[in-house]
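**Student:** Starting off with a structure, shown below.
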Amino acid sequence: MLAIEKLQVAYGKVQALWDVTLGVPDREIVALVGANGAGKTTLLKTVSGLLRRQSGSITFDGKHIEEASPPEIVKQGVVHVPEGRKLFPELTVIDNLLMGAYTISQSERPQRLERVFSVFPVLQERQKQIAGTLSGGEQQMVAIGRGMMAGPKLLMLDEPSLGLAPLLVEEVFGVITEINRLGVTVLLVEQNTQHALTLAHRGFVMELGRIALSGSGVDLLANSNVRKAYLGL
Amino acid sequence: MALLAVKGLTKYFGGLRAVHDLSFDVQTGEILGLIGPNGAGKTTAFNLIAGFIHPTRGEILLDGESIAGMKPYAVTRKGIARTFQIVKPFRKLSVLENVTLAAFLRFPSRGEAESQARQVLERMGLESKISALAVDLTLSEQKRLEIARALATQPKLLLLDEPMGGLNATEIEQASLLVRDICKGGVTIIWVEHVLKAIMNSSNRVVVINQGEKIADAPPEQIVENPDVIAAYLGTKKR
Amino acid sequence: METFVQSIVSGILTGSLYAMIGVGLTVIFGVMRIINMAHGDMVMFGMYGAFLSITFLKIDPFLSIILWIPIAFLIGVLIYRFLLKNIVPAGELNTLLYTAGLSLFIANLVLLIATGDYRTIKLKYAIMPLRPFGIAVPIPLAIAFGMAILITVALYWFLVRTDTGRAIRATSQEPEAAALMGVNVDRTAIITFALGTALACAAGVLLAPSLYLYPTVGEILVAKCFVIVVLGGLGSVPGAIAGGLLLGVVESLGAVYVSVPYKDAIGFVIFLLVLLFRPSGLFGVGKS
Amino acid sequence: MKKIVIALSLILLFTAPLIVSAPFFVHLMIMVLMWTVLGASWNILGGFTGQVSFGHATFLGAGAYTTMILYLKLGIAPWYGIPIGGLVAALIALPIGFICFRLRGPYFALSTLAVAEIIRLVALNWESLTNGPVGLLITTLPDVTFRGRSIDWENKIPFYYIIAIITLGSIVATYIMSRTRLGAYSLAIREDIDSAEAIGINTVQARVAALSLSAFFAGVAGGFYAMYLRYIDPDAVFSIALSIEMVFIAVVGGLTTVAGPLIGAIVLVAFGEIFREIFLVHFKLVGHLIFYGLMMMIVIRYLPEGIWGRLRLRFGSQH
Amino acid sequence: MRKSLILVMAVLFLTLMAIPSFAQDTLKIGAPQPMTGPDAPFGSKFQKAYNLALEEINAKGGVKGKKIEVIIEDHQAKNPLAATVTEKLITQYKVLALTGGRASGQAVEIASVAHRLKTPYLVDHPSADIITSKGFEWVFRNNPTGSIYPQAFNKFISEIPGAMPKSASVVYDNTVFGKTIANSAMVFLKSKNVPIVNDEAYPVNTLDFKPLMTKVKAQNPDFLLMVAVSTTDAILLTRQAKEMGVAPRAFVGFGGGFGVADIATELGPLSENLFSSAAWSGNPNDPATKAFYKKFFEKYNFYPKEHEVEGYAAIYILADALKRAKLTGKLEENREAIRQALLKTDMVTVFGKVKFGNYKGPLGDQYTNQNIYSPDHSVLAQWRGGKLLNVYPKSNAEIDVVFPDPTVKR
């Protein structure tokens, strides 16, 4: 569904991605793991059009999207839930969600909202609350819900468990599985490697701007190389 | 006596508990690794020690003297220097000027400060870049520049906030050597890092924090066996 | 007691117009980080607009607002597109000086065309004030107040209820995330600037019957605008409304109970205190 | 090469009124130099520390009033009054600095604006000291003998040399600042205030020091203003417009440069005169400020680093 | 970069073209005025008045066979610029004499420069006392000083039985002008033991006087004295005083703001019986004034007031001096000759009689070259049916005074 080939990206003079090739098959959860600064976020930002590549190609459903603007990419069905949630802190929950549906016609919105509320019942209760006053976990749910409002074919989640207590982490991962069951393809960037890989159909390990390892989630988990890449043993 | 002693350090941001009842010591000559998952409170702990934020509760003692609540410049004058996670060089100034500025703290005359700065830059392997503007350096060079700048204040204790973040494998190797070298030169180091390989290889001791609290404090080889640490890092297995 | 009530009423009447001008400035700042020194000149545009309507078109100035809001919006689009767009990345100080130049340019262009003569708008129905409960309420200001409330409510509705409005608020809070939602940030900037201009112009139309107008009238309003916007928190719309009303009331009470010559100083002292102790403004939501 | 340029500039500075002796041009040169000092003063704070002040007229006004009041009420001659005016301005800068430097960025800028307005209103209403809106006027200056000859204060030449020396002082001070610790610290603060703190710089103290130095020169220029123009009133010397003009001179000339303010002042005064001459006197149209505004916009748009700043980049000079 | 270079070149080129191209054989008078900036409206008023006077004089062959020319420069209401343009007019354009100035702050700079550079300066409108009380022997003033403005009012309350206020509120703009007039009026009232219940200075161009009037109303003054240099302020003061229900026996306005036709058109019935104590209100019965009004209206399509009359008169006074002065070829001598001629001026203009002399003002200042008829120019007028009619002193009166104000319910 999403195919990235030989992607090179740089911030000014600093090269961030080297020859990254990666594919996300339809209806799967793909986990992208790796240390801080390995280039995971850069990759997502490039796919969503916030950053421009130097070379390489990105295709979505067979169409080239390297040159498209962020709004165009959203309309194609690729939605990026950024790291640190990036909610609109002074907007209410419902307004945040409606912002997610910015590219969607008015008539379809109630239906979308309903779907988000069915996944996150707590957001229905809190829809009038100002987003900045929610707890971390709730904010993450708003962020994911906001992403879902655009009706994505591919949802890219950047560190959804970041800064959450273990119980909430559980919940978020549960939600991700559920979203996937609803037919949405998920590209998941995580530091919580074990958890992410358990969940994912397929995983890629990034290191220093390159894809270091890839394989099915289960295989990678069993792979002692992964442990080595992380704990230095 | 420990060079630095942190006792019951606590910081709340509004209702958010960033650091809670954190206590640890650093002995002179040590490299202490400080690790923990994102959002665990490592940078907050650094900011508290360096005076950038003031603790809600708790004590920070340097050589037995309390430095909690001091302004950052005063802390630096006492002998604690730091680097930043996201580099903050003086972008439009030359590399030499960046470091000279820091050297002014101990050498009020420009001549002496400059020669001190040149020495430090040489140790950091930046002598060839001396007249370049900081903004034109690579990330790895900028990280080294920050360390050089910190060292030029002649600290007893150096706080490194993710010096390896964003570096490639060879650069990480070089940086590890550099850190050990600095320590040999008589500077005690507290080091926050995500590149665990490096920290495990170089530290004398590692403190692990999670959600603002200390969960382990031991030599590296014990840390990697610690089930709490593994859980904090890799996440608990889905049951 | 009557004195007190009268001061409060007068303060609120004037404050409602301050608020409208402030809201325009604050949305522009929120989305584009432009401190627009030419904002007062947009008010001046509106005042001349009202004058033109009654003098040449024989349209009641308050009615003519329907005509001038879209025109001002268009002017805003043109100014942003051709004069401001490229300067914004140069930083706040340069943008500020640039708009100061723009202000000189606009005011003196009007001076050349319209000459410096003072102009007035005479309304037959507005000579004696209303006197509900013995409190004097001048008719032009009362109408202006009512319309200012209508316009502000309409604007509020626009910002809260419509997609574009929501996009404007979202962009001012998290531009990158807004882009990820599919918002065209560039277009939002144009709309916002045009909207701010239209608001300033509308305030001018409403002020015109209560004031004299001349090309450099904008100057006396600019400093007040800043006070209002900072009082409410840079970028906050409810803040600017509250800031405007607060400034109106403080000036009014200060003039009565402290001293007329120092009434402007009171505004600035409060301004300074807010800056020092609550730099995010009285209504800013915890953004540092 | 550089030394020759400096020597030539100095010679030019001190012989200019002998070469161009028409009194009007001497007057214009005096105004240019006065604006240079004001631009240099703003540059010391705004250029070096990056702290944008919109209230620098405060210091000009403080200097002007000090000089004037000392002369009119205590009979202290202006040549003592001018430096004292500078000192008073520097002293006033201390509390302003300690209050306003708690704020950063646009908030600092707006706070200076507020302080300036408050001080203007105080000057306007404290009649026993300032004579309120009526202002203060001096009609004659006291006798001074220089090398056995009495100085003719009705002539512009003595004023020219006084302001030339003050200008030289401000430029030398800027140069020295760029070479010393305070200057270096200021640049560090401008570049990154957190890093500056981290390397042991007391940033509040350094900024207050820069502000005081800056205020000193604005105050001295104010003292000169009072003595040369002989009349001051609060709206004239404490106005926001005056503060903005100082910013404009510094920015147009080139921030952080030593020669920038001089270039900025020349451009500002010259264009003001030229545009008035062309449009008002020649074509009898009130269009000169349209073009002045347009010129401001064009300069900021195409030369954001300032005229001297751009030339300096091109020729690789340091100052 | 390239664009700005082109602009600079274009400007330089234009400058070269613009090198003064004045006719050589005219008699030049310089007039610094605010042509731009906040005071721009006044600059254009004076420009119109000067032009009318010049047309008339030059149509009759000018003075000594030469035409008179007025060079207007723009000081933008900025003091340093006023000094600069004065220097320029005197030394570059080599004018024989100066007039204009508009606001007192700038006029003080002009007077100071003119005095130093020994060029006669005829003040036509600025009224700050210091302009003629600092011994500037090159400075002459036709119009009254600020402290003379309330003279007619002072006479009125002293001479009409029962008119002496029992209490008075005084509000004035915080300018040299407002302050001087208010001081002068208050000094007089205090000497008559009238309590001043409000003494309020307000900033020029205040948008809202309601708070101030609320405060005044609370004192319930017997007389309300208002000083306004700006017409906006005068209109808003009167309107809002009445709107707030301030109810004195008399509303008395001082200063240019209260003498303009806009008062009647703007305020309508609210202007009825409002007093205006002014330096000059023009006697419409005088044929010269009538003729001037007519000519002015024909040319500009509006009736002149104080400013236009002052500007127009100034040109005639200078023309008269030029006529009498013995002009040689040398500029310095010519200027001295004009000064001498001005010292001997004794004529009548539309503004009234002119003769310059030294005497003591109402506040004790020693005036130099101040029109000795200034105190007599002061008249008390009253707005009646949309017209400003002189009511006091009797010799100048067009109609009987209405006092106390019957429209006010106390």
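**Student:** With A:GLN191, A:GLN140 as the choices, which residue is within 25 Å of B:THR43 (Cα to Cα) and facing chain B (nearest Cβ under 10 Å)? Steps first, answer last, please.
**Tutor:** Details: A:GLN140 fails: facing chain B (nearest Cβ under 10 Å).
So the residue among A:GLN191, A:GLN140 that is within 25 Å of B:THR43 (Cα to Cα) and facing chain B (nearest Cβ under 10 Å) is A:GLN191.
**Student:** Check D:ARG207 against each of (1) surrounded by 24 or more Cβ atoms within 10 Å (Cβ to Cβ); (2) in contact with a strand residue (DSSP E or B) (Cβ under 7 Å, 6 or more places away or on another chain) and name the one condition it does not meet.
**Tutor:** Every condition holds for D:ARG207 apart from (2).
**Student:** Based on what the data block shows, is A:GLY12 modelled with pLDDT under 90 and either on the phi > 0 side of the Ramachandran plot or surrounded by fewer than 23 Cβ atoms within 10 Å (Cβ to Cβ) (or both)? Give the derivation first.
**Tutor:** On the way: modelled with pLDDT under 90: yes; either on the phi > 0 side of the Ramachandran plot or surrounded by fewer than 23 Cβ atoms within 10 Å (Cβ to Cβ) (or both): yes.
So A:GLY12 fits the description; yes.
**Student:** Filter segment C:99-116 down to residues that are open to solvent by 10 Å² or more (accessible area, probe 1.4 Å) and either without any contact (Cβ under 8 Å) to a residue 60 or more places away in the chain or farther than 26 Å from C:LEU211 by Cβ (or both) and give me whichever is farthest from the other protein chains (Cβ to nearest Cβ).
**Tutor:** Per the criteria, the residue is C:ILE113.
**Student:** Separate question: Scan segment E:248-273 for residues that are within 14 Å of chain C (Cβ to nearest Cβ) and among the hydrophobic types (A, V, I, L, M, F, W, C) and jot them down.
**Tutor:** E:VAL260, E:ALA261, E:ILE263, E:ALA264, E:LEU267, E:LEU270
**Student:** Still on this model: Out of segment E:184-198, which residues are under 24 Å from the mean Cα position of the chain (by Cα) and within 14 Å of another protein chain (Cβ to nearest Cβ)?
**Tutor:** E:SER184, E:MET186
**Student:** Kindly indicate whether any position in segment C:155-174 is in contact (Cβ under 8 Å) with a residue 24 or more places away in the chain, β-branched (Val, Ile, Thr) and within 13 Å of chain E (Cβ to nearest Cβ).
**Tutor:** The answer is no, given that none of the residues of segment C:155-174 is in contact (Cβ under 8 Å) with a residue 24 or more places away in the chain, β-branched (Val, Ile, Thr) and within 13 Å of chain E (Cβ to nearest Cβ).
**Student:** Next up: For segment B:148-197, which residues satisfy the criterion of being of a type in the set (Asp, Glu) and within 14 Å of chain A (Cβ to nearest Cβ)?
**Tutor:** The first filter runs over segment B:148-197 and keeps only residues of a type in the set (Asp, Glu), leaving B:161-162, B:171, B:173, B:181, B:193.
Selection gives B:ASP161, B:GLU162, B:GLU171, B:GLU173, B:GLU193.
**Student:** Looking only at helices (runs of 4 or more DSSP H) that fall completely inside segment A:111-219, which ones have 3 or more residues that are over 25 Å from B:VAL229 (Cα atoms)? Give the derivation first.
**Tutor:** Values: elements: A:121-125, A:136-149, A:166-181, A:193-199.
By residue number, A:121-125, A:136-149, A:166-181.
**Student:** Filter segment E:226-245 for residues that are of a type in the set (A, V, I, L, M, F, W, C) and without any contact (Cβ under 8 Å) to a residue 40 or more places away in the chain and give the result. Even if it seems obvious, please write down each step before you answer.
**Tutor:** Here is the first cut: in segment E:226-245, the ones of a type in the set (A, V, I, L, M, F, W, C) are E:226-229, E:234-237, E:241, E:244.
Residues satisfying the conditions are E:ALA234, E:ILE235, E:LEU236, E:ALA241, E:MET244.
**Student:** Out of the helices (runs of 4 or more DSSP H) lying entirely within segment E:285-397, which hold 1 or more residues that are without any contact (Cβ under 8 Å) to a residue 12 or more places away in the chain?
**Tutor:** In segment E:285-397, E:287-300, E:331-343 are the helices (runs of 4 or more DSSP H) which contain 1 or more residues that are without any contact (Cβ under 8 Å) to a residue 12 or more places away in the chain.
**Student:** Could you check segment E:1-118 for helices (runs of 4 or more DSSP H) lying wholly inside it with 2 or more residues that are open to solvent by 20 Å² or more (accessible area, probe 1.4 Å), modelled with pLDDT of 90 or more and more than 9 Å from every other protein chain (Cβ to nearest Cβ)?
**Tutor:** Numbers: elements: E:2-17, E:40-59, E:79-87, E:104-116.
Fully inside segment E:1-118 and qualifying: E:40-59.
**Student:** Given the options D:SER170, D:SER178, D:SER128, name the one that is assigned to a helix (DSSP H, G or I), more than 12 Å from every other protein chain (Cβ to nearest Cβ), among the small types (Gly, Ala, Ser) and out of contact with any helix residue (DSSP H, G or I) (no Cβ under 7 Å at 6 or more places or on another chain).
**Tutor:** On the way: D:SER170 fails: out of contact with any helix residue (DSSP H, G or I) (no Cβ under 7 Å at 6 or more places or on another chain); D:SER178 fails: more than 12 Å from every other protein chain (Cβ to nearest Cβ).
From the options D:SER170, D:SER178, D:SER128, the qualifying one is D:SER128.
**Student:** Restricting attention to segment D:286-302, does a residue exist that is outside any helix (DSSP H, G or I), among the small types (Gly, Ala, Ser) and surrounded by fewer than 20 Cβ atoms within 10 Å (Cβ to Cβ)? Outline the logic, then answer.
**Tutor:** First, pick out the residues of segment D:286-302 that are outside any helix (DSSP H, G or I): D:286-287.
Okay, now just the ones that are also among the small types (Gly, Ala, Ser), so D:287.
Next, from what is left, pick out any that are surrounded by fewer than 20 Cβ atoms within 10 Å (Cβ to Cβ): D:287.
Looking for residues that are outside any helix (DSSP H, G or I), among the small types (Gly, Ala, Ser) and surrounded by fewer than 20 Cβ atoms within 10 Å (Cβ to Cβ), one finds at least one in segment D:286-302, hence yes.
**Student:** Another question, if that's okay. Residues in segment B:132-142: is at least one in a helix (DSSP H, G or I), surrounded by fewer than 18 Cβ atoms within 10 Å (Cβ to Cβ) and within 11 Å of chain A (Cβ to nearest Cβ)? Outline the logic, then answer.
**Tutor:** Applying the first criterion (in a helix (DSSP H, G or I)) to segment B:132-142 yields B:134-136, B:139-142.
Filter once more, so that each one left must be surrounded by fewer than 18 Cβ atoms within 10 Å (Cβ to Cβ): B:135-136.
This time we only want the ones that are within 11 Å of chain A (Cβ to nearest Cβ), so: B:135-136.
Within segment B:132-142, one or more residues are in a helix (DSSP H, G or I), surrounded by fewer than 18 Cβ atoms within 10 Å (Cβ to Cβ) and within 11 Å of chain A (Cβ to nearest Cβ).
**Student:** Quick one: would you say C:MET147 is aliphatic (A, V, I, L, M) and facing another protein chain (nearest Cβ under 8 Å)? Walk me through how you get there before you give the answer.
**Tutor:** Details: aliphatic (A, V, I, L, M): yes; facing another protein chain (nearest Cβ under 8 Å): no.
Here the answer is no, as C:MET147 does not meet what is asked.
**Student:** Exactly one condition in (1) out of contact with any strand residue (DSSP E or B) (no Cβ under 7 Å at 6 or more places or on another chain); (2) charged (D, E, K, R); (3) open to solvent by 10 Å² or more (accessible area, probe 1.4 Å) is false for E:GLU310; which is it?
**Tutor:** So E:GLU310 meets the others, but not (3).
**Student:** Restricting to segment C:216-260, name every residue that is in a loop (DSSP other than H, G, I, E, B), under 20 Å from E:LYS217 (Cβ atoms) and open to solvent by 20 Å² or more (accessible area, probe 1.4 Å).
**Tutor:** Our first condition is that a residue be in a loop (DSSP other than H, G, I, E, B); within segment C:216-260, this holds for C:216-218, C:233-236, C:258-260.
Keeping just the survivors that are under 20 Å from E:LYS217 (Cβ atoms) gives C:258-260.
Across segment C:216-260, the qualifying residues are C:VAL258, C:SER259.
**Student:** Could you please let me know if C:ARG119 is open to solvent by 20 Å² or more (accessible area, probe 1.4 Å), in contact (Cβ under 8 Å) with a residue 12 or more places away in the chain, basic (Lys, Arg) and within 14 Å of chain E (Cβ to nearest Cβ)? Working first, answer last.
**Tutor:** On the way: open to solvent by 20 Å² or more (accessible area, probe 1.4 Å): yes; in contact (Cβ under 8 Å) with a residue 12 or more places away in the chain: yes; basic (Lys, Arg): yes; within 14 Å of chain E (Cβ to nearest Cβ): yes.
Criteria met by C:ARG119.
**Student:** Give me the residue from segment E:218-247 that is touching a Lys or Arg at 6+ places or on another chain (Cβ under 8 Å) and more than 13 Å from chain C (Cβ to nearest Cβ) and, out of that set, surrounded by the most Cβ atoms within 10 Å (Cβ to Cβ).
**Tutor:** Ranking the candidates gives E:PHE223 first.
**Student:** Being buried (at least 19 other Cβ atoms within 10 Å of the Cβ) and either under 16 Å from the mean Cα position of the chain (by Cα) or assigned by TED's automatic domain parsing to the domain that holds B:VAL6 (or both) is the filter here; which residues of segment B:86-101 pass it?
**Tutor:** Result: B:VAL87, B:LYS88, B:PRO89.
**Student:** Given the conditions (1) under 26 Å from D:LEU268 (Cβ atoms); (2) open to solvent by less than 10 Å² (accessible area, probe 1.4 Å), report the number of the one that D:ILE11 does not fulfil.
**Tutor:** Going through the list (1) under 26 Å from D:LEU268 (Cβ atoms); (2) open to solvent by less than 10 Å² (accessible area, probe 1.4 Å), D:ILE11 breaks only (2).
**Student:** Scan segment B:198-221 and report the pairs whose first residue is within 25 Å of B:LEU177 (Cα to Cα) and more than 10 Å from chain A (Cβ to nearest Cβ) and whose second residue is assigned to a helix (DSSP H, G or I) and open to solvent by 60 Å² or more (accessible area, probe 1.4 Å), with Cβ atoms within less than 9 Å and a gap of 6+ or a chain change.
**Tutor:** Sorted first by the residue in segment B:198-221, then by its partner, the pairs are B:SER202/B:LEU177; B:SER202/B:ARG180; B:VAL206/B:GLN222; B:VAL208/B:ASP228.
The values are calculated or read from the model by the stated rules, or taken from the named source; none is laboratory data. It should be emphasised that the depicted structure is a prediction, and the values quoted were computed from it without experimental measurement. Counting neighbours? That spans all protein chains shown, and the Cβs are built from the backbone with ideal geometry, glycine included. Just the protein is used for accessible areas: all its heavy atoms, side chains included, with ligands, DNA and RNA removed. Shrake-Rupley method; radii C 1.70, N 1.55, O 1.52, S 1.80 Å.
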